[in-house]
1. Step by step: first the residues of region 111-139, then only those that are open to solvent by 20 Å² or more (accessible area, probe 1.4 Å) and among the β-branched types (Val, Ile, Thr), then the one that is modelled with the lowest pLDDT. Which residue is that?
2. Using the structure shown, decide if ALA105 is more than 22 Å from ALA189 (Cβ to Cβ), more than 18 Å from the chain's Cα centre (by Cα) and surrounded by 15 or more Cβ atoms within 10 Å (Cβ to Cβ).
3. What's the number of the only condition in (1) open to solvent by less than 40 Å² (accessible area, probe 1.4 Å); (2) under 30 Å from VAL110 (Cα atoms); (3) at pLDDT below 90 that GLY163 fails to meet?
4. Is there a residue in region 40-52 that is touching a Pro at 6+ places or on another chain (Cβ under 9 Å), in a helix (DSSP H, G or I) and open to solvent by 70 Å² or more (accessible area, probe 1.4 Å)?
5. With the requirement that a residue be of a type in the set (Gly, Ala, Ser), farther than 15 Å from SER207 by Cβ and touching a residue at least 40 places away in the same chain (Cβ under 8 Å), what does region 75-99 give you?
6. Among the helices (runs of 4 or more DSSP H) lying completely within region 107-218, list those that include at least 2 residues that are touching a residue at least 12 places away in the same chain (Cβ under 8 Å) and under 30 Å from LEU71 (Cα atoms).
7. Out of all the residues in region 88-95, is one or more among the polar types (S, T, N, Q) and touching a Ser or Thr at 6+ places or on another chain (Cβ under 9 Å)?
Amino acid sequence: MKLMLILTRWQIRQLFWANCLAMCCATWFALMSNSAIVFSRNVSVAFGVLVHCGIMVLILGRSEPRGPGFLYCQGFSRDQLWWSAFAATVCSGVLVCLSFWLIIATGLRVVVQQALGNPWFPMAGTIEAKSTKWFLMEYILLLPPLHYIWVRARLPQRDAGAGWALAAGILAFDAHCYTYADQVTPSSAAILIGVTGLLALVTLIASWQFHRQTEVQA
């Protein structure tokens with residue numbers, strides 16, 4: 001367990017600047033957005049989560065010795081390396097969502113919006129904070145198929161297109177579900193969440209298993 005914490009911390013350090021930028025953007029949006037923050041209606045935030053996930057996966061998916069590939073030469077098991085990389089991206093998503101939540105939950109958003117003359121504040125209060133859990137869920141759903149891309153690309157049988165095709169299909173389906181998230185009944189929404197969650201779980205398991213066969217640049 002201690003080794004996993006050390007590995008995850010090392011991986012998070014590689015994401016420092018990407019996470020700082022994402023947290024700054026989340027903070028700015030939470031403070032300055034004059035419209036209600038609702039997950040299904042804030043396409044810009046949802047797209048920002050996708051971009052952040054893509055950047056993190058791009059950074060940790062490198063295999064050069066000077067990048068995360070350095071760890072592959074240190075005697076760690078492939079399972080330890082895979083789960084530490086995935087955990088680092090999830091923890092980064094949690095940090096961004098936490099900063100977003102704190103801006104709303106502490107009332108700082110209320111103070112700023114009231115100072116800017118927004119008539120909905122302070123009446124709106126901190127009710128928007130509940131949207132944070134949906135943005136965190138988006139991180140959890142998007143990260144597995146995006147990680148699958150670089151894992152699939154580094155298999156001995158080089159067919160990177162297979163990874164891109166599968167991930168693109170899943171992301172397109174997720175985007176379709178997002179579009180109709182607030183237009184369906186709660187039971188239908190639960191089914192959509194269940195299906196997208198299943199797809200994320202399948203790609204997570206596939207990435208974990210395929211990662212044991214990946215090649216690393218010497």
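The values are calculated or read from the model by the stated rules, or taken from the named source; none is laboratory data. Just so it is clear, the structure is predicted and the values come from calculations on it, not from any experiment. Cβ atoms come from the backbone with ideal geometry, glycine included; neighbour counts cover every protein chain shown. Calculation scope for accessible area: heavy atoms of the full protein, side chains included, ligands and nucleic acids excluded. Shrake-Rupley method; radii C 1.70, N 1.55, O 1.52, S 1.80 Å.
1. THR126
2. Taking the combined requirement at face value, the residue satisfies it.
3. Of the numbered conditions (1) open to solvent by less than 40 Å² (accessible area, probe 1.4 Å); (2) under 30 Å from VAL110 (Cα atoms); (3) at pLDDT below 90, the odd one out for GLY163 is (2).
4. Within region 40-52, not a single residue is touching a Pro at 6+ places or on another chain (Cβ under 9 Å), in a helix (DSSP H, G or I) and open to solvent by 70 Å² or more (accessible area, probe 1.4 Å).
5. Residues satisfying the conditions are SER92, GLY93, SER99.
6. 132-153, 160-179, 186-211
7. There is no residue in region 88-95 that is among the polar types (S, T, N, Q) and touching a Ser or Thr at 6+ places or on another chain (Cβ under 9 Å).
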